[in-house]
Amino acid sequence: MSLVFGTQTCGSLAEGAQREWLVPDGRGGYAMGTVCGLRTRRYHALLVVSGETPAARHVGLVSLDPVLTLPSGATVRLGVHEWSSGAVEPRGHRLLERFDLVDGLPRWRWRIGGIVVERELAMAYGQPSLAVVHRLVEAPEPVTLALEALCTWRDAHGERHAGAGPLRMTPAADGAVIEDAYRLAGPGWQPVGEWYLGAYAREEADRGLNPVEDLWCSGRFAARMSRGQCLEVSAWAGDLGTRPAPATAIVERSRRRVRALVAAAPDPVLAVAADAFVIGGPSGPEVVAGYPWFGAWSRDTMISYEGLFLSTGRVDEGRALLRAYAATLSEGMLANTADTGRTEYNTVDATLWFVHAVDRHVTLTGDTDLGVELLAALDGVVAAHVAGCRFNIGTDTDGLLTQGADGHALTWMDARVDGVAVTPRAGKPVEVNALWINGLAAVAALRARMGRDNDDLVALHDTAKASFAKRFPTPSGWLHDVVDPDDPALRPNQLLAYSLPYAPLAPDPGVLRAVGEALLTPLGLRTLAPGDPAYRGRHRGGPADRDRAYHQGTVWPWLIGPYADAIRKAGPPRSGVLASLLDGLLDGLLDGLEAHLGEWGLGSVSETADGDPPHQATGCPFQAWSVAETLRVRRGVTSWK
């Protein structure tokens, strides 16, 4: 369970700054940074604390910069920062001998001649508490190691500058309390209180956002060390009066926890990746959609449900999560998110994904008790959608589900620029109706299992399924992306019409071949075929530019799940042309995603990637549904191969 990088990566800002590590705290907070140590995002810090919701995060301790005093009296600075002037100083990354991600925890090793210093860190699971351990591995004589604590206290999406005044520092045993929000503790504390002006975050500049902030040097920890000795520093929020366990103990506990996850998991690497997204919220388990900037979103949660919970054996947590989400149903719709500061009901598909998640839970676990408990809620969802919900969501006379309202984008392709949907999909989207038909069949099956009458539901399902088969095929052979009004664009949404357990259509090898040839990449599927006039091959630039490309060609790894399911449902391969076609589509399907685990968000799968080769990763480096769908389908694809 390790990834290792040597001097060619660690010592290069071009290489080392492109690979990011994440250590979550199990509550929505985290520590995060890069292999070489350079902060490239406003979100990179050693202590990022979650608030009332997973998305309400604050950045606290930004970095601990090591300064080594050699026996000769010379000092060597091992940190690395980029400044708004363009300077990179200090340049301690050039002395990095290696970086290891071991059991999900990062470890750096600097070599200065015959002196070797290691750093490793961990978060205390379930607590906003950081443990950092520096160990003098090799040294012919004692040396002094100091750690400069660079701090802030701000919203994770913003910046703080010297003009706002100094950070409040209150003395505390072995350190200080910063802004009454978090505490630092370690040996040899000496307060400083000085601004470092113009820290630069290159990824924010690339995203068209403000890349500059100021950092407050609150003080220094220091210790005279001989070979084999450690310097331990803790930083924590919450109960500031209670000191956490020693840093070395927290690191070891974290390792044991990860090793226990690995021992019980059929897919160790992705099981550790999945663990980052399942957190303990105020009312039970929640799912962080992506790090570093997303909180909980119901669509992401329900698409991720089978991979994050059922494929990893977290059945009890999954049951609690489904119950909690069922309690958010209002007028037949599932709450979407509270990331914006208020609970929103603005999605047409999250509720249908919820029905799918409940069905998968009951089917795969045999937990009929939960099915009985939630059946009334599922019946209410169906009734509300038949009668009509918010945003003109409701069934048409043909039994298909229609939706749309000015100024809103209700499907998962929800990007808007200046309030206008980039991919206007008002009408009857293909994946929404596949989910609708799948949901009707799932609720009917659950009713039948309970001995309940379901003739009305079966009739509605049969009408919608017949209408789907009549309305969605295009003259080109694939399916319309939307009907009424008709949009024949070649998009991956149609895969759900073949891949879901109660899919409305049997998989068509010709369609799968067309989708694969136009949309499949090593990191997932494009959201639009390159030949389409609206195609955008790069997901780059400022927020508006990125939103315009978000679903217009950008690659989404989570779509590998529906694609693999559709292929599997087409056969197993037996002989002839069909066998050759399906073998070709599945061969090496996940190889690119497996290689990606060491390319960007280490051990994880990114949110998105450029549609054009070489498909450079974009968006969140750590994304829940990308990991969940890769994990869910990996065993099936491997066993078939």
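The values are calculated or read from the model by the stated rules, or taken from the named source; none is laboratory data. The structure presented is a predicted model; accordingly, all values stated were derived computationally and were not measured. In this analysis, Cβ positions are derived from the backbone assuming ideal geometry, glycine residues included, and neighbour counts consider all displayed protein chains.
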- Task: Scan the stretch 604-624 and report the pairs whose first residue is at positive phi and whose second residue is at pLDDT 95 or above and among the hydroxyl-bearing types (Ser, Thr, Tyr), with Cβ atoms within less than 7 Å and a gap of 6+ or a chain change.
- Result: 615/521; 619/606; 619/608
- Item | Selection status of residue 525, in the same structural domain as residue 401 (by TED's automatic domain parsing), of a type in the set (A, V, I, L, M, F, W, C) and either in a helix (DSSP H, G or I) or out of contact with any Phe, Trp or Tyr (no Cβ under 7 Å at 6 or more places or on another chain) (or both) | no
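I'm trying to understand the selection: among the residues of the stretch 66-95, which are within 22 Å of residue 248 (Cα to Cα) and either among the aliphatic types (A, V, I, L, M) or surrounded by fewer than 22 Cβ atoms within 10 Å (Cβ to Cβ) (or both)?
Scanning the stretch 66-95 gives 67, 68, 78, 79.
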- What about residue 160, is it among the charged types (D, E, K, R), in a loop (DSSP other than H, G, I, E, B) and under 21 Å from residue 50 (Cβ atoms)? yes
- Query: In the stretch 46-75, how many residues are in a strand (DSSP E or B) and touching a residue at least 60 places away in the same chain (Cβ under 8 Å)?
  - Reply: 18
- Message: I'd like to check something: does the stretch 243-262 contain any residue that is out of contact with any helix residue (DSSP H, G or I) (no Cβ under 7 Å at 6 or more places or on another chain) and farther than 24 Å from residue 101 by Cβ?
- Response: yes
- Task: Kindly indicate whether residue 461 is at pLDDT below 95 and crowded, with 18+ Cβ neighbours inside 10 Å.
- Result: no
- Message: Pull out all pairs, ordered by first then second residue, where Cβ-Cβ is under 6 Å, the residues are six or more apart or on different chains, the first lies in the stretch 123-138 and is in contact (Cβ under 8 Å) with a residue 12 or more places away in the chain, and the second is in a strand (DSSP E or B) and among the acidic types (Asp, Glu).
- Response: 133/120; 133/232; 135/118; 137/118
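Would you mind stating whether residue 414 is in the same structural domain as residue 376 (by TED's automatic domain parsing) and either part of a loop (DSSP other than H, G, I, E, B) or in contact with a Ser or Thr (Cβ under 9 Å, 6 or more places away or on another chain) (or both)?
yes
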- Failed item, numbered, when residue 271 is tested on (1) modelled with pLDDT under 95; (2) in contact with a Leu (Cβ under 8 Å, 6 or more places away or on another chain); (3) assigned to a loop (DSSP other than H, G, I, E, B): (3)
- Within the stretch 109-126, the count of residues that are in contact with a helix residue (DSSP H, G or I) (Cβ under 8 Å, 6 or more places away or on another chain) and surrounded by fewer than 20 Cβ atoms within 10 Å (Cβ to Cβ) comes to 3
- For the stretch 346-399, what are the residues that are part of a helix (DSSP H, G or I) and among the acidic types (Asp, Glu)? 359, 369, 373, 379
- If you go through the stretch 197-206 one residue at a time, do you hit one that is touching a residue at least 60 places away in the same chain (Cβ under 8 Å), assigned to a strand (DSSP E or B) and of a type in the set (Gly, Ala, Ser)? yes
- Task: Take the residues in the stretch 475-487 that are surrounded by fewer than 17 Cβ atoms within 10 Å (Cβ to Cβ) and without any contact (Cβ under 8 Å) to a residue 60 or more places away in the chain, then tell me which one is farthest from the chain's Cα centre (by Cα).
- Result: 475
- Item | Exclusive hit being in contact (Cβ under 8 Å) with a residue 40 or more places away in the chain, assigned to a strand (DSSP E or B) and at negative phi, set 254, 218 | 218
- Query: Got a sec? Which of 376, 357, 324 is assigned by TED's automatic domain parsing to the domain that holds residue 556, more than 18 Å from the chain's Cα centre (by Cα) and without any contact (Cβ under 8 Å) to a residue 24 or more places away in the chain?
  - Reply: 376
- Which numbered condition trips up residue 119, out of (1) in a loop (DSSP other than H, G, I, E, B); (2) farther than 20 Å from residue 176 by Cβ? (1)
- Query: Looking at the stretch 490-506, is at least one residue farther than 30 Å from residue 599 by Cβ, of a type in the set (A, V, I, L, M, F, W, C), in a helix (DSSP H, G or I) and touching a residue at least 24 places away in the same chain (Cβ under 8 Å)?
  - Reply: yes
- Query: For the stretch 283-305, does any single residue satisfy the condition of being among the polar types (S, T, N, Q), in the same structural domain as residue 337 (by TED's automatic domain parsing) and modelled with pLDDT under 95?
  - Reply: yes
- Query: Can you name the condition, by its number, that residue 302 falls short on among (1) in contact (Cβ under 8 Å) with a residue 60 or more places away in the chain; (2) touching a helix residue (DSSP H, G or I) at 6+ places or on another chain (Cβ under 6 Å)?
  - Reply: (1)
- For residue 106, state whether it is at pLDDT below 95 and either in the same structural domain as residue 289 (by TED's automatic domain parsing) or buried (at least 22 other Cβ atoms within 10 Å of the Cβ) (or both). no
- Query: If you check every pair at least six apart or on different chains, which have Cβ atoms under 6 Å apart with a residue in the stretch 76-99 that is in the same structural domain as residue 45 (by TED's automatic domain parsing) and closer than 18 Å to residue 45 by Cβ first and a residue that is of a type in the set (Val, Ile, Thr) and part of a strand (DSSP E or B) second?
  - Reply: 82/88; 92/80; 93/80
